[in-house]
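Worksheet: the structure to be examined is printed underneath.
The values are calculated or read from the model by the stated rules, or taken from the named source; none is laboratory data. Keep in mind it's a predicted model, so treat the numbers as computed, not measured. Heads up, the Cβs are rebuilt from the backbone with ideal geometry, glycines too, and the neighbour counts pull from every protein chain shown. Quick note on the areas: whole protein, heavy atoms, side chains included, nothing else; ligands and nucleic acids left out. Shrake-Rupley method; radii C 1.70, N 1.55, O 1.52, S 1.80 Å.
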Amino acid sequence: MSQPVPFLDLARQHRLLRAELDAEFDGLLTRADFIKGAAVGRFEEAFAAYQQAAHCVAVANGTDALEIALRSLELPPGSEVIVPANSFIATSEAVTMAGLRPVFADVDDSYNLDPADVEARITANTSAIIAVHLYGQPADIDALQALAGRYGLRLIEDAAQAHGAEIGGRRVGALADIGTFSFFPGKNLGAIGDAGAILTNDADLALACRRLANHGRVGKFDHTSEGRNSRMDTLQAAVLSVKLPHLDDWLRIRRETARTYDQLFAGAGMAAPDDGQPEVAWWSAACAPGQIRGPRSVPGTLHAYHLYVVRVADRDGVRAALTESGVASGVHYPTILPRLGAYADHPQHSEAFACEPWSHEILSLPIGDHMDAACAQRVAEALVAAVGVPG
Ligand SMILES: *Cc1c(COP(=O)(O)O)cnc(C)c1O
């Protein structure tokens with residue numbers, strides 16, 4: 001019986017960085033600068049530099065980051081914001097919370113917004129598009145930016161899963177009007193609680209976000225508008241500052257694990273799709289038993305592999321077999337957003353989406369800095385065995 005493989009191991013980073021973290025906690029308790037402490041500004045500068053953005057505003061979590069970013073754009077109240085049909089609910093939830101209406105669009109074989117479907121859904125009431133870099137694979141920002149330009153829309157990046165991901169050598173997050181990140185503990189860069197950030201190259205938008213996140217405050221007891229309370233705790237900023245210098249190393253391990261998976265599935269004759277093939281040929285068809293469809297790393301982009309998602313037939317059966325052999329797994333996400341109970345009254349609740357059939361096939365494999373080559377091999381072998389056994 002080989003060692004079990006957990007989906008992730010959040011405690012591992014803290015064992016590694018314990019002395020530095022303890023020093024931060026000690027300093028924090030002594031100074032007691034719990035809100036707006038110096039660590040917040042330090043982290044904002046470091047994260048902006050890392051993601052190649054001019055401005056970073058640290059906020060309380062990734063959902064607030066999206067809502068505040070949307071509010072900063074001053075879109076017409078009740079206007080439509082196009083979001084992908086498969087994402088975490090925070091993407092569409094933030095649209096509603098900002099007084100706007102989510103419109104769901106289909107995704108393509110990159111698991112990200114299909115620009116052609118986005119264009120088909122633009123109406124006179126559309127004001128913005130949110131591109132999610134789902135699983136860490138950058139969305140087609142160039143195509144979406146072209147659409148936004150043609151129709152006079154704003155483009156927001158939800159980069160909650162894509163710290164360190166790149167398009168053409170440029171890091172995501174500040175490639176469009178404004179971008180948002182989450183530092184939820186399980187993300188590529190995780191805090192020890194909730195935390196988030198907004199990036200932009202527009203100084204006015206950055207200032208607007210900073211005010212919105214701090215009660216509309218411009219000076220002590222001087223509030224030019226109402227905002228809200230969504231500041232990043234000094235504690236979280238301090239922890240994230242300790243972790244950020246290690247992010248590239250942790251991303252390297254994620255990418256190595258992904259490469260190991262790719263190679264082992266290809267070697268087992270259950271290959272990931274060939275980039276030379278017409279996408280639709282494999283993409284639209286259901287998975288056959290014995291097949292493992294790996295994720296596509298889009299040429300010209302650098303995947304951050306927050307998740308490594310394969311498609312298999314009889315996903316729940318395969319998942320049970322993996323669990324049996326000690327390999328953890330996940331499903332991101334089992335239900336497409338418009339089909340959720342939360343959208344029972346949404347006009348698209350019953351609409352057909354091309355991405356829906358494979359919400360029954362997708363399976364997320366363990367990936368993270370707790371993995372090594374032997375570990376990845378164990379997962380791949382367990383998966384090959386699980387899909388190889390009929391029914
Ligand atoms: C995690 C996540 C969010 C929300 O972040 P929180 O910090 O949990 O509020 C938003 N969008 C996507 C795609 C996410 O994965």
* Restricting attention to region 199-225, which residues are among the acidic types (Asp, Glu), modelled with pLDDT of 95 or more and over 25 Å from the mean Cα position of the chain (by Cα)? -> 204
* To do: Would you check if there is a residue in region 172-188 being out of contact with any helix residue (DSSP H, G or I) (no Cβ under 9 Å at 6 or more places or on another chain) and aliphatic (A, V, I, L, M)?
  => no
* Asked: So which of 5, 40 ends up being of a type outside the set (S, T, N, Q), under 28 Å from the mean Cα position of the chain (by Cα), open to solvent by less than 50 Å² (accessible area, probe 1.4 Å) and over 9 Å from residue 234 (Cβ atoms)?
  -> 5
* Asked: Among the residues of region 116-138, which ones are in a loop (DSSP other than H, G, I, E, B) and either hydrophobic (A, V, I, L, M, F, W, C) or more than 20 Å from the chain's Cα centre (by Cα) (or both)?
  -> 121, 122, 123, 124, 125
* To do: Check region 166-175 and report whether any residue there is surrounded by 22 or more Cβ atoms within 10 Å (Cβ to Cβ), over 17 Å from residue 52 (Cα atoms) and within 16 Å of the ligand (Cβ to nearest atom).
  => no
* **In region 66-88, the residues that are within 18 Å of the chain's Cα centre (by Cα) and farther than 24 Å from residue 114 by Cα** => 68
* **Qualifying residue in region 139-157 (condition: within 12 Å of the ligand (Cβ to nearest atom), in a helix (DSSP H, G or I), in contact (Cβ under 8 Å) with a residue 24 or more places away in the chain and open to solvent by less than 40 Å² (accessible area, probe 1.4 Å))** => no
* To do: Kindly indicate whether any position in region 69-84 is touching a Cys at 6+ places or on another chain (Cβ under 6 Å) and within 16 Å of the ligand (Cβ to nearest atom).
  => no
* Asked: If we only count helices (runs of 4 or more DSSP H) wholly inside region 237-345, which ones have 2 or more residues that are closer than 30 Å to residue 47 by Cβ and at pLDDT 95 or above?
  -> 247-267
* To do: Identify, by number, the condition in (1) part of a loop (DSSP other than H, G, I, E, B); (2) under 23 Å from the mean Cα position of the chain (by Cα); (3) surrounded by fewer than 16 Cβ atoms within 10 Å (Cβ to Cβ) that residue 53 doesn't meet.
  => (3)
* **Among the residues listed as 303, 332, the single one being within 16 Å of the ligand (Cβ to nearest atom), open to solvent by less than 50 Å² (accessible area, probe 1.4 Å) and out of contact with any Leu (no Cβ under 9 Å at 6 or more places or on another chain)** => 303
* Would you pick out the residues in region 113-136 that are of a type in the set (Asp, Glu) and either within 15 Å of the ligand (Cβ to nearest atom) or touching a strand residue (DSSP E or B) at 6+ places or on another chain (Cβ under 7 Å) (or both)? -> 114, 117
* Does any residue of region 19-32 turn out to be outside any helix (DSSP H, G or I) and touching a strand residue (DSSP E or B) at 6+ places or on another chain (Cβ under 8 Å)? -> no
* **Options 87, 110, 92; residue that is within 16 Å of the ligand (Cβ to nearest atom), at pLDDT below 95, of a type in the set (Gly, Ala, Ser) and open to solvent by less than 20 Å² (accessible area, probe 1.4 Å)** => 110
* Asked: Could you give every pair whose Cβ atoms fall below 7 Å, whose first residue belongs to region 46-71 and is among the acidic types (Asp, Glu) and modelled with pLDDT of 95 or more, and whose second residue is open to solvent by less than 10 Å² (accessible area, probe 1.4 Å) and away from the ligand (no atom under 14 Å from the Cβ), counting only separations of at least 6 or pairs across chains?
  -> none
* Asked: For region 317-354, which residues satisfy the criterion of being within 29 Å of residue 190 (Cα to Cα) and touching an Asp or Glu at 6+ places or on another chain (Cβ under 7 Å)?
  -> 336, 338
* Asked: Quick one: which strands (runs of 3 or more DSSP E) sit completely within region 177-232 and have at least 2 residues that are within 16 Å of the ligand (Cβ to nearest atom), surrounded by 21 or more Cβ atoms within 10 Å (Cβ to Cβ) and of a type outside the set (D, E, K, R)?
  -> 178-182, 196-200
* Test residue 161 against the criterion of being open to solvent by 10 Å² or more (accessible area, probe 1.4 Å), polar (S, T, N, Q) and under 15 Å from the mean Cα position of the chain (by Cα), and give yes or no. => yes
